[in-house]
1. Can you tell which of GLU20, GLU28, GLU3 is of a type outside the set (A, V, I, L, M, F, W, C) and at pLDDT 95 or above?
2. Mind listing just one residue for me: the one in the range 1-11 that is surrounded by 10 or more Cβ atoms within 10 Å (Cβ to Cβ) and of a type outside the set (D, E, K, R) and, of those, farthest from LEU46 (Cα to Cα)?
3. Scan the range 28-46 for residues that are loosely packed, with under 10 Cβ neighbours inside 10 Å and either of a type in the set (A, V, I, L, M) or in contact with a Gly (Cβ under 9 Å, 6 or more places away or on another chain) (or both) and jot them down.
Amino acid sequence: MKEQRKYLALRAHIAELLGEGATIVSREPFTLRISGHLFRVQHGMLIGNSVAA
């Protein structure tokens, strides 16, 4: 069966971040909290760096 998922490297990186303690804040848009900072996934990239409240 052909792999249909996109951004496999990004998915692996996010899984690693979650394993290191990052938390999912939102699914739409997909947002992670990492060490007090918020990061969003847009267009296949992990972007942003705002301080989480």
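1. Exactly one residue qualifies, and that residue is GLU20.
2. Looking at the filtered set, the residue picked out is TYR7.
3. Of everything in the range 28-46, just one residue is loosely packed, with under 10 Cβ neighbours inside 10 Å and either of a type in the set (A, V, I, L, M) or in contact with a Gly (Cβ under 9 Å, 6 or more places away or on another chain) (or both), namely SER35.
The values are calculated or read from the model by the stated rules, or taken from the named source; none is laboratory data. Keep in mind the model is a prediction, meaning the values are calculated, not measured. Glycine also receives a Cβ, built like all others from the backbone with ideal geometry; neighbour counts cover every protein chain displayed.
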